[in-house]
Amino acid sequence: MTSIGTGYDLQNSVFSPDGRNFQVEYAVKAVENGGTCIGIRCKNGIILATEKIITSKLLRPGANRRIATVDRNIGVVSAGLVPDGRHFVSRARDEASSWRSTYKAPIPVKALAGRLGSYVQAYTLYSSVRPFGITAIVGGWDTDAETKVDGQVGIGPAVGSGGKVDGAKKGGPGLYMIEPSGLYWGYYGAATGKGRQAAKAELEKLDLSSGTLELEAGVMEAARIIYVAHEDSKDKDFELEMSWVSSVDGPTKGRHEQVPSSLLEEAERRAKKAMEGEDEETGSGEGEKMEE
Amino acid sequence: MNHLPQAWGRPRDDIYGHYDPSHLQTAGPNAHTQQPIVTGTSVLAVKFKDGIVIAADNLASYGSLARFTHVHRLRPFNDRALVGFGGDISDMQYLDRLLNSLDVNENYGSPGHVLNAQNLHTYLSKVMYKRRSDMNPLWNSMLVVGLDGDDKPFLSSVDLLGTTFSSPTLATGFGGHLAQPLLRKLADDESQVKDVTREKAVAAVQECMKVLFYRDARSLDSYSIAVITKEGGVELKEDEQLEGQSWAFADTIRGYGTQVN
Amino acid sequence: MFRNNYDNDAVTFSPQGRIFQVEYASEAVKQGSVVVGIASKTHTVLVALKRNAEELSSYQKKIIGIDEHFGLALAGLASDARVLSNFMKRQALASKMTYGRPIPIERIVERIGDRAQTSTQVYTKRPYGVGLLVAGVDETGPHLFEFQPSGMTQEMVACAIGARSQMARTYLERHLDKFADSSRDELIKHGLLALKESLSQDKELTVDNASLGVTGVAKDGKRKIETFKLYDGPEIGPLLEAALETSEAAPAAEGGESMEVDT
């Protein structure tokens, strides 16, 4: 590895002569060793999925949820150091709560991503702290329905627009990925962790920017992509965890929830079949051709 | 005469009264609730065999002015608890937002841990008592209804002093005087609750709402009613109307209109 | 592991993305004597091997009851465990007073996990040097959690931490399918047998050095929870006998036969 710090990498917030903060780059290494996480933005919702590597047979199956909820309609999943991920979620929940106190409405996903990006970036400024060892994917649905304000009393005046701009489009899905440096972008499909290269390749094939993928189809795809990404850690067992947020008229009614177990099992079954199908193509497929 | 430095240049106390130093406090305005401003009137509830019925009218009065007529004072918490608020409406808003954030936080853990009506009541009573001890009360009297930890019907009240009551029938405000006697005819103590059907309970509550509209001078004929059961969860109807109100008997009342006798 | 430039404090990542101070804190856990925890559908059990500094001194307390419905077993720096357990006691009591219900185990474990994580991200603190097994019962049944100095908390079916705990873990993995339906007594027996696996050659479980904590769901009584009970000293005698006689019965019989043949 070229230029291993050499003195400029021992402390956070220190610039190297070529303008790099090595502690942040080392934090990214911690992320690259973590289980793969992906997020998919669909036409009518968001899906988050993660590959939970099983480190011990003694772990309780089905417990140890990695995908956390923030407020009611936003989910967060992270790859890297799990305790740092929990700290991140804790701050996200505080930000959401503080937004609600001020504006009496749930925080838009875009605003939350901005707040968290700033928070993570702040941990790269001082030598007395270290950067977060996680990359987090934040996804949610901002409601487009007419909702009441928090603690609403009464129904407002019968005439006029009630302070709202007529015809302004509001709400919709939001998917953001925040790195240890605090940098973040909005995504149609996001992937991080060990199998991110394979996952990204699969996500690009889905043509997500056209905004046509349906939520249920997205769930199947997400499971399949995690299985593909797991090839990079083939020697270890893993548990698939998936969650989704839909629009108000969708299956989750605007709330962030775990994908129901029946749908999850179906998605896993299809994903496993797709993986076997690929093996057949590369393996016995050649045998058939030779016979002909 | 007071020749001490603190009295130099000051008008005389015996003519102008004692000097009020309260404006010197640098901590800023420190408001303590002295009186409720915009208020809701009674809330009534009764337990029946499988659950609870609760009702409150849709009026927020500004003193004697019937100011806001679409104020829903029954606020559901989750699918097994609901709080009915009487008293100051801004404090009701504060508590509603507080309970909303409590609900958001409770849902963060693994599924299966649900705050039932009893937990909610305990929590609210701690909040109310704390505020009373700060001499800054939330000026409300509330009924907390729903299902307790064993899925049995739960009904309790808590008020601005942090006092709690539990009974098969409860009512706040004027309801305590006008409605409670009628509700108690239905179920006087806990052992009689199992004989009360849902229909009887709803009918009794609606009858009491009519009585209150006739006799409580700060009430309205539009009301909200909710029924909470294990099977049905919280069934809330927010814009019910009292039917068949007739003031035809009014001219028989002594002192009506321009009558002297 | 050897000394390097990146192991001075918890706010330094190594070039491979590791935080050595946190890993060293986990070493402190491995120095402590072994503790084992198991959860079934109805009960959870914690068993611990206590150590004494010298022959005449008392044995270090390894299992602490926190509230009526849960307790913990520690391995590592006992003083760090004291700080964490005092915090948990205050939090559990406050939650019980505010809501009138015992705190869900997952929630209290999350709180100490967050506290521990903060100690791994700031310069002015050091990571906690203790591993905990938190076992208890709440509305959703019995739970067992492992807490590590990194702030990582995980729910387990069974777990063992401390010196030579790998032997106990092997026993637990072998008998994993039996735990869910085990009765209270069977679970206690499994715990003691797992603990026995991790003992060094010359050691034995006695009433002085073994400690046990149990809690579970009860059919009746307040809140339907069997209060956390700590077995220490003479009380643990009968339980030890019950567990160890079944494991000694088989080899003892064989030993008897072979002796007869020799003479």
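General observations
- Among the residues of the stretch C:109-125, those identified as out of contact with any His (no Cβ under 8 Å at 6 or more places or on another chain) and in contact (Cβ under 8 Å) with a residue 40 or more places away in the chain are C:Val109, C:Glu110, C:Ile112, C:Gly113, C:Ser119, C:Thr120, C:Val122, C:Tyr123, C:Lys125.
- Subset of the stretch C:11-25 that is of a type in the set (S, T, N, Q) and assigned to a loop (DSSP other than H, G, I, E, B) - its residue that is farthest from A:Tyr8 (Cα to Cα): C:Gln16
- Being surrounded by 14 or more Cβ atoms within 10 Å (Cβ to Cβ) and either under 30 Å from B:Ala60 (Cβ atoms) or within 14 Å of another protein chain (Cβ to nearest Cβ) (or both) is a property that holds for A:Thr124.
- In the stretch B:231-254, the residues that are in contact (Cβ under 8 Å) with a residue 24 or more places away in the chain, aliphatic (A, V, I, L, M) and either exposed (fewer than 12 other Cβ atoms within 10 Å of the Cβ) or in contact with a helix residue (DSSP H, G or I) (Cβ under 7 Å, 6 or more places away or on another chain) (or both): B:Leu242
- When residues of the stretch B:70-82 are limited to those that are closer than 22 Å to B:Gly112 by Cα and aliphatic (A, V, I, L, M), the one surrounded by the most Cβ atoms within 10 Å (Cβ to Cβ): B:Ala81
- Checking each residue in the stretch A:88-121 for being of a type in the set (D, E, K, R) and more than 14 Å from chain C (Cβ to nearest Cβ) picks out A:Glu95, A:Arg100, A:Lys104, A:Lys110, A:Arg115.
- Residue within the stretch B:107-115 that is free of Cβ contacts under 8 Å to residues at least 12 places away in the same chain, touching a strand residue (DSSP E or B) at 6+ places or on another chain (Cβ under 9 Å), within 10 Å of another protein chain (Cβ to nearest Cβ) and of a type in the set (Phe, Trp, Tyr) present: yes
This table checks each residue for (1) touching a strand residue (DSSP E or B) at 6+ places or on another chain (Cβ under 8 Å); (2) at pLDDT 95 or above; (3) among the aliphatic types (A, V, I, L, M); (4) under 24 Å from B:Asp151 (Cα atoms).
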| residue | (1), (2), (3), (4) |
| --- | --- |
| B:Phe48 | yes, yes, no, yes |
| B:Leu65 | no, yes, yes, no |
| B:Leu74 | yes, yes, yes, yes |
| B:Ala81 | yes, yes, yes, yes |
| B:Tyr94 | no, yes, no, no |
| B:Arg97 | no, yes, no, no |
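- Scan of the stretch C:92-122 for residues that are of a type in the set (Lys, Arg) and more than 10 Å from chain B (Cβ to nearest Cβ), ordered by number: C:Arg111, C:Arg115
Yes/no per residue for (1) touching a residue at least 40 places away in the same chain (Cβ under 8 Å); (2) surrounded by 12 or more Cβ atoms within 10 Å (Cβ to Cβ); (3) under 26 Å from B:Ile37 (Cα atoms):
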site	(1), (2), (3)
B:Leu183	yes, yes, no
B:Gln206	yes, yes, no
B:Leu220	yes, yes, yes
B:Tyr223	yes, yes, yes
B:Thr229	yes, yes, no
B:Tyr256	no, no, no
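- Helices (runs of 4 or more DSSP H) contained in the stretch B:94-209 and holding at least 2 residues over 25 Å from A:Lys148 (Cβ atoms) and under 16 Å from the mean Cα position of the chain (by Cα): B:117-133, B:175-178
- Subset tally (residues that are within 14 Å of chain A (Cβ to nearest Cβ) and either over 23 Å from A:Lys57 (Cβ atoms) or surrounded by fewer than 19 Cβ atoms within 10 Å (Cβ to Cβ) (or both)) for the stretch C:27-60: 1
Yes/no matrix, rows are residues, columns are (1) in a strand (DSSP E or B); (2) acidic (Asp, Glu); (3) free of Cβ contacts under 8 Å to residues at least 40 places away in the same chain:
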{"position": "A:Ala136", "(1), (2), (3)": "yes, no, no"}
{"position": "A:Ala145", "(1), (2), (3)": "no, no, no"}
{"position": "A:Val149", "(1), (2), (3)": "no, no, no"}
{"position": "A:Gly156", "(1), (2), (3)": "no, no, yes"}
{"position": "A:Lys164", "(1), (2), (3)": "no, no, yes"}
{"position": "A:Ala168", "(1), (2), (3)": "no, no, yes"}
{"position": "A:Gly174", "(1), (2), (3)": "yes, no, no"}
{"position": "A:Gly182", "(1), (2), (3)": "no, no, no"}
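- For the stretch A:91-114, a residue qualifies if it is buried (at least 18 other Cβ atoms within 10 Å of the Cβ) and either touching a helix residue (DSSP H, G or I) at 6+ places or on another chain (Cβ under 9 Å) or of a type in the set (Gly, Ala, Ser) (or both), and the qualifying residues are A:Ala92, A:Arg93, A:Glu95, A:Ala96, A:Trp99, A:Arg100, A:Pro106, A:Ile107, A:Pro108, A:Leu112, A:Ala113.
- Some residue of the stretch C:60-79 being closer than 23 Å to A:Arg130 by Cβ and small (Gly, Ala, Ser): yes
The values are calculated or read from the model by the stated rules, or taken from the named source; none is laboratory data. All values derive from a computational prediction rather than experimental measurement. All Cβ positions, even for glycine, are placed from backbone atoms using ideal geometry, and neighbour counts span all protein chains on display.
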